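Peer 1: Here you go, one structure.
The values are calculated or read from the model by the stated rules, or taken from the named source; none is laboratory data. Computed from a prediction, not measured in an experiment: that's the story for all the values here. Every residue, glycine as well, gets a Cβ built from its backbone with ideal geometry; the counts of neighbours run over all protein chains shown. Heavy atoms of the whole protein, side chains included, go into the accessibility calculation; ligands, DNA and RNA do not. Shrake-Rupley method; radii C 1.70, N 1.55, O 1.52, S 1.80 Å.
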Amino acid sequence: MDEKEISQAVITRLPRYFRYLGELKDKGVERISSQELSRLMRVTASQIRQDFNNFGGFGQQGYGYNVEYLYVEIGKILGLDKEHHLIIIGAGNLGQAIANYMNFEKRGFLFKGIFDSNPDIIGKMVRNLPIQPMENLPAFIQENNIDIAVLTIPKTGAVEVAEQLVNCKIKAIWNFAHVDLEVPKEVLVENVHLSDSLMKLSYNINRQSQKG
């Protein structure tokens, strides 16, 4: 299949498709129509078909979709058939919570190390791995083929750490620091602002209460 530009809206929906299909597979469901998937996911059947057609379709008219096949194929599109090595920078509550979230490893995201600049916690164990000082970072990235760095540090230090990661040839940054990072285009960044999500929820609560 020729490479084509896929919209960010479609890419955003792919993990959700993958999650729902995984749940259906675990329940023993073998096939599903776009209409049935639409009712489950609250996405129109037309949108589902359009999304899947970006990657060649996957369905058969009159049959629908083979759940396990579609689950595997979307996993491949998302790169989940490969292993990704990640490190966490920032060993506070959020960093440790992410390190201890086992579902990441089921998806091929392997936690390899955790780093912090606080000398009081260096050497403490998280998931059977010691918290390491920041000076160990460049050699560790090179020696362990690290793809992804997770930033769970205050925004004051995030820009400097991001520059260090760029110099270490990191491929991607999952950024929980409350600052939008500017990095070269070859370094992929996914910014996660938890407070933005909470404020969106607050807006919807406010809007709902005004309707009432």
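Peer 1: Looking at region 52-90, which of the residues that are acidic (Asp, Glu) and out of contact with any Lys or Arg (no Cβ under 6 Å at 6 or more places or on another chain) is most open to solvent (accessible area, probe 1.4 Å)? First the steps, then the outcome.
Peer 2: Within region 52-90, the subset acidic (Asp, Glu) is 68, 73, 81, 83.
If we keep only those that are out of contact with any Lys or Arg (no Cβ under 6 Å at 6 or more places or on another chain) too, we end up with 73, 81, 83.
On the way: Glu73: 40, Asp81: 92, Glu83: 122 Å².
Among those residues, the one meeting the criterion is Glu83.
Peer 1: Six or more apart or on different chains, Cβ atoms under 9 Å: show the pairs whose first residue is in region 7-31 and open to solvent by 50 Å² or more (accessible area, probe 1.4 Å) and hydroxyl-bearing (Ser, Thr, Tyr) and whose second is outside any helix (DSSP H, G or I) and at pLDDT 95 or above.
Peer 2: Partner pairs satisfying both residue conditions: none exist.
Peer 1: On to the next question. Would you mind stating whether Lys124 is more than 23 Å from Lys171 (Cβ to Cβ) and charged (D, E, K, R)?
Peer 2: yes
Peer 1: Residues to consider are Asn204, Asn175, Asn167; find the one that is in contact (Cβ under 8 Å) with a residue 24 or more places away in the chain and surrounded by fewer than 14 Cβ atoms within 10 Å (Cβ to Cβ).
Peer 2: On the way: Asn204 fails: in contact (Cβ under 8 Å) with a residue 24 or more places away in the chain; Asn175 fails: surrounded by fewer than 14 Cβ atoms within 10 Å (Cβ to Cβ).
Exactly one residue qualifies, and that residue is Asn167.
Peer 1: While we're here: List every residue pair whose Cβ atoms sit under 9 Å apart, with the two residues 6 or more apart in sequence or on different chains, where the first one lies in region 76-102 and is at pLDDT below 95 and the second, anywhere, is assigned to a strand (DSSP E or B) and open to solvent by 60 Å² or more (accessible area, probe 1.4 Å).
Peer 2: Ile98/Trp174
Peer 1: Let me ask something else. Name every residue in region 165-190 that is closer than 14 Å to Leu86 by Cα and part of a loop (DSSP other than H, G, I, E, B), in order of residue number.
Peer 2: Of everything in region 165-190, those that are closer than 14 Å to Leu86 by Cα and part of a loop (DSSP other than H, G, I, E, B) turn out to be Cys168, Lys169, Ile170, Lys171.
Peer 1: Report, by residue number, each residue of region 91-117 that is over 17 Å from the mean Cα position of the chain (by Cα) and open to solvent by less than 60 Å² (accessible area, probe 1.4 Å).
Peer 2: Matches in region 91-117: Ala91, Gly92, Gly113, Ile114, Phe115, Asp116.
Peer 1: Now for a separate question. Would you please list the contacts, defined by Cβ atoms under 8 Å and residues six or more apart or on different chains, that run from a residue in region 38-62 that is of a type in the set (S, T, N, Q) to a residue that is surrounded by fewer than 15 Cβ atoms within 10 Å (Cβ to Cβ) and part of a loop (DSSP other than H, G, I, E, B)?
Peer 2: Hits for this filter: Ser38/Thr44; Asn54/Lys4; Asn54/Ile6.
Peer 1: Being within 17 Å of Ile6 (Cβ to Cβ) and part of a helix (DSSP H, G or I) is the filter here, so list the residues in region 30-48 that pass it.
Peer 2: Initial filter on region 30-48 (within 17 Å of Ile6 (Cβ to Cβ)): 43, 47-48.
Those that are within 17 Å of Ile6 (Cβ to Cβ) and part of a helix (DSSP H, G or I): Gln47, Ile48.
Peer 1: Now for a separate question. Can you name the condition, by its number, that Met125 falls short on among (1) surrounded by fewer than 19 Cβ atoms within 10 Å (Cβ to Cβ); (2) of a type outside the set (Asp, Glu); (3) modelled with pLDDT under 95; (4) farther than 17 Å from Tyr20 by Cβ?
Peer 2: Status for Met125: all satisfied but (3).
Peer 1: Filter region 183-197 for residues that are surrounded by 10 or more Cβ atoms within 10 Å (Cβ to Cβ) and modelled with pLDDT of 90 or more and give the result.
Peer 2: Result: Val183, Val187, Leu188, Val189, Glu190, Asn191, Val192.
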